[in-house]
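The values are calculated or read from the model by the stated rules, or taken from the named source; none is laboratory data. This one's a predicted model, so the numbers in the text were calculated from it and none came from an experiment. Counting neighbours? That spans all protein chains shown, and the Cβs are built from the backbone with ideal geometry, glycine included. With ligands, DNA and RNA removed, areas are computed over all heavy atoms of the protein, side chains included. Shrake-Rupley method; radii C 1.70, N 1.55, O 1.52, S 1.80 Å.
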Amino acid sequence: MSFAQSLLENVLRVAEEKGAKKVKRVVVEIGTLLMLNPEQLTFCYEVVSKGTIAENSELNIVEIKPKIRCSVCGKEFDAPFAICDCGGVVTVEGGKDAVIRKIEMEV
Amino acid sequence: MHKIEADVQLSLLEENRKYAGENREFLREHGVVAFNLMGATGSGKTMLIEKTADLVSDKLKIGAILGDVAGDDDFKRVTKHGVKAKMVNTGKECHLDAHFIHHAVEEFADVDVLFMENVGNLVCPVDFDLGEDYRVVVVSVTEGDDVIRKHPEIFRLADAILINKISLADAVGCDVDIMLRDARRLNAKAPVIKMDLKNDIGVENWLEWFFDAVERAKKYKSV
Ligand SMILES: Nc1nc2c(ncn2[C@@H]2O[C@H](COP(=O)(O)OP(=O)(O)OP(=O)(O)O)[C@@H](O)[C@H]2O)c(=O)[nH]1
Ligand SMILES: [Mg+2]
Ligand SMILES: [Zn+2]
């Protein structure tokens with residue numbers, strides 16, 4: 001719920017800066033390691049945006065996958081874990097942020 | 001009316017990052033070493049504070065910020081052990097965040113160690129840096145031996161993993177070795193400590209890591 005709330009607050013702030021009357025569509029990138037369920041986020045966004053100029057706006061969620069790779073042999077993995085079969089340390093990059101990329105409005 | 005598009009780059013975690021940075025700076029200035037205690041409801045977070053306070057209070061002044069959905073039970077408990085405590089009721093929120101505890105942190109300039117007991121769950125607290133030096137996850141055998149595998153992120157990012165209530169493992173049919181193996185698979189750096197806070201098992205291993213962690217952190221703080 002706190003992500004939906006923060007999403008709405010950021011959207012409304014931009015909308016106000018631009019003098020928008022209505023928010024039509026929002027594109028947000030969500031790192032998959034945040035383990036946020038897109039349906040749940042969409043639902044929560046619908047709930048918190050009720051009664052605001054973002055009510056009924058479309059929410060497009062783009063999932064961003066982390067790069068999970070062995071620092072020694074370079075092998076890539078789908079899910080994070082610590083040590084590769086080769087003994088190398090596996091590094092995890094990205095997949096932990098949630099970023100608004102686009103806001104479509106009517107002015 | 002016409003349509004406009006704003007291309008932006010606004011992180012939803014930015015505000016938390018900012019306050020976490022301020023908390024971290026405040027704690028650094030005052031030489032306070034902070035531990036973010038995470039774990040499911042009932043895993044033993046408060047008991048860890050109580051036990052640690054009993055064993056180190058001759059050397060270190062302990063503080064605790066207690067995040068709870070409601071009630072002041074944990075506050076009353078730790079206060080009895082000489083811990084300077086502050087309760088923050090989170091209401092519906094399922095985790096502490098850096099902004100939420102910002103003012104509370106400022107009341108702890110005079111302690112050596114600050115425990116931040118997070119809200120009891122293994123999912124939501126993980127993405128909210130509070131400004132701590134260390135992240136400690138307390139998990140108990142009663143949560144089932146697959147609990148670590150089911151919550152990889154919190155264990156992957158932990159600085160110490162405590163497997164608590166091991167005396168109950170047989171009774172609840174929990175294979176502690178599975179938990180150990182899963183923890184290791186996700187996190188090669190954090191110590192994984194088997195303990196039972198109620199029966200004083202493993203407490204010395206925890207204290208060894210704890211004192212070492214406090215010493216290491218003190219080195220990069222001004223006091
Ligand atoms: N048998 C056994 N019981 C324990 C152990 N550690 C804690 N308990 C009990 O488990 C219960 C919960 O412990 P707490 O320390 O309150 O757990 P918590 O993680 O702070 O729980 P919340 O604040 O509700 O999230 C208490 O009744 C403790 O006495 C242990 O090692 N063994
Ligand atoms: Mg507690
Ligand atoms: Zn490798």
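Would you kindly identify the helices (runs of 4 or more DSSP H) lying entirely within segment B:143-195 that contain at least 1 residues that are among the polar types (S, T, N, Q) and free of Cβ contacts under 8 Å to residues at least 12 places away in the same chain?
none
Taking into account only those residues within segment B:145-187 that are basic (Lys, Arg) and within 14 Å of chain A (Cβ to nearest Cβ), which is nearest to the chain's Cα centre (by Cα)?
Out of the qualifying residues, it is B:156.
Based on this model, can you work out whether residue B:202 counts as at pLDDT 95 or above and either within 14 Å of chain A (Cβ to nearest Cβ) or within 28 Å of residue A:34 (Cα to Cα) (or both)? Spell out the reasoning first.
Details: at pLDDT 95 or above: yes; either within 14 Å of chain A (Cβ to nearest Cβ) or within 28 Å of residue A:34 (Cα to Cα) (or both): no.
So residue B:202 fails the test.
Residue B:158 is checked against (1) buried (at least 23 other Cβ atoms within 10 Å of the Cβ); (2) in contact with a Leu (Cβ under 7 Å, 6 or more places away or on another chain) and fails just one. What number does that condition carry?
The one condition residue B:158 does not meet is (2).
Scan segment A:56-66 and give yes if some residue there is closer than 14 Å to residue A:6 by Cβ and small (Gly, Ala, Ser), otherwise no. Break it down into steps so the answer makes sense when it comes.
Initial filter on segment A:56-66 (closer than 14 Å to residue A:6 by Cβ): A:59.
Applying the additional criterion that residues be small (Gly, Ala, Ser) yields none.
Scanning segment A:56-66, I find no residue that is closer than 14 Å to residue A:6 by Cβ and small (Gly, Ala, Ser), so the answer is no.
Pick out, from segment B:33-142, the helices (runs of 4 or more DSSP H) lying fully within it that include 3 or more residues that are within 13 Å of ligand 1 (Cβ to nearest atom).
Qualifying helices (runs of 4 or more DSSP H): B:45-56, B:73-79.
Which of the numbered conditions does residue B:97 fail, given that it passes all the others? Conditions: (1) among the acidic types (Asp, Glu); (2) open to solvent by less than 60 Å² (accessible area, probe 1.4 Å); (3) out of contact with any Lys or Arg (no Cβ under 7 Å at 6 or more places or on another chain); (4) more than 14 Å from chain A (Cβ to nearest Cβ).
Status for residue B:97: all satisfied but (4).
Name the residues in segment B:69-86 that are open to solvent by 30 Å² or more (accessible area, probe 1.4 Å) and farther than 16 Å from residue B:41 by Cα, would you?
First, pick out the residues of segment B:69-86 that are open to solvent by 30 Å² or more (accessible area, probe 1.4 Å): B:69-73, B:75-77, B:79-82, B:84, B:86.
If the condition is that a residue be open to solvent by 30 Å² or more (accessible area, probe 1.4 Å) and farther than 16 Å from residue B:41 by Cα, then B:76, B:79, B:80, B:81, B:82, B:84, B:86 are the ones that fit.
Do the conditions hold for residue B:139, that is, is it within 12 Å of the chain's Cα centre (by Cα) and farther than 23 Å from residue A:78 by Cβ? Quick ask: steps written out before the conclusion?
Working: within 12 Å of the chain's Cα centre (by Cα): yes; farther than 23 Å from residue A:78 by Cβ: yes.
Yes: the conditions hold for residue B:139.
Hey, residue B:145 hits all of (1) in contact with a Cys (Cβ under 6 Å, 6 or more places away or on another chain); (2) open to solvent by less than 10 Å² (accessible area, probe 1.4 Å) but one; which does it fall short on?
Here residue B:145 clears every test but (2).
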